[in-house]
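Computed from the coordinates by the stated procedures, all read-outs in this text should not be read as laboratory data. Predicted model only: the values in this text are computed from it and were never measured. Cβ: placed from backbone, ideal geometry, glycine included. Neighbour counts: every protein chain shown.
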Amino acid sequence: MLKYLITTTALFATPLTADALRVVADIPPLHSLTAQVMGDLGTPELLTPAGTSPHNHALRPSEAARLQNADLLVWVGPLMSPWLGSAKAEMAPDAASIALMETQGTLLLDKRGAHDHDHDHDHSEEEHTETKDSHDHDHDDHTEHADHDDHADHENHGDDHAEMETDKVRKDAHVWLSPDNAMAWLPILAEELAKLDPANAETYRANAATAVDALKQQVAKTEARLAPLSGGEFLTAHDAYQYFQARFGLTSHAAVSDADDQDAGPAHLRALLTQAPDLGCFVIEPSTPKASVTLVTETLNIPAVTIDGLGAALPLGADHYSALMEHLTSGFESCLSR
């Protein structure tokens, strides 16, 4: 009898919603932030597998089932995954949804073309900041997605996010690479989860506060590591790192392709190879063509450093976001310390 009572008590001490709340996140970094907030109360699922393109991804049956069964979808927003809004509306119309790129307090930087890198002035956040407080995101701007078929040839690009053409300045969708955005999102995620699971609201809030504190400490250490390297410049294959650069005072001389991964053309490449200053390295991604890497590194006599903004090779889970920040930090250290 005593054994039965102990077992019964342990059962009811476990949160009743531990297996009931079904949360889906679109990319590994957001999956990680969500996992930190959920803690022991549940485990979110990843919608687009690491290493696949979240922009053009076609849901497999198992992934569609995750979305259909979801209570909450956590995603960057339609600027990154223009297909996901309609998929959610069709497959999970009753599920809650939070597009973190559109939440209040999110830092938004203007999308840069491959020609537009501002290496002649500071990449300060004040010069680029557009938050929900000062920029009203008209959701009608994000509903026209029919013209994105021309990006199909980038399906294998692990970080292929096109920005939508609107009447307003286009925004760079790599918003998760700003740790300030991550810190703003953690309490927002806690409140969203609390709405769905009010019995555990305080646990979600406490988990978010703990995660914010840990990220603040990591940011301080990253600042100390990267500050001495702020004078160096580098070339990128894809203009994917603007948020991280702006936060830590790093300067990209130019990119071979822009944030949409659209090549600026042979004239631009020739200019890069003939007019480039002393650069620390060529920052590439796992999907960067080897021919491009060889051409740039041999012509400019600089090394290539691989930095993956999605962290596809990093373990999935609560520690993923911290590991991603370390991956970027060590990558730029390697680039600029030569």
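Extension gain, D319-S334: 0.36 nm per intervening residue step, less the Cα-Cα distance, totals 3.2 nm. Between N301 and D94, the FRET efficiency estimated from the beta carbon spacing at R0 = 56 angstrom works out to 0.45.
With θ taken as phi - 60° and the Karplus curve 6.51 cos²θ - 1.76 cosθ + 1.60 applied, the whole-hertz 3J(HN,Hα) list for region 100-108 is 5, 5, 9, 7, 5, x, 6, 6, 10 Hz, x standing for glycine and proline. From most to least packed by mean Cβ count within 10 Å, the peptides 211-219, 69-77 give 69-77, 211-219.
Applying a threshold of 32 Å to the alpha-carbon distances of K88/K171; K216/K290; K111/K290; K111/K195; K195/K221 flags K216/K290; K111/K195; K195/K221 as lying beyond it.
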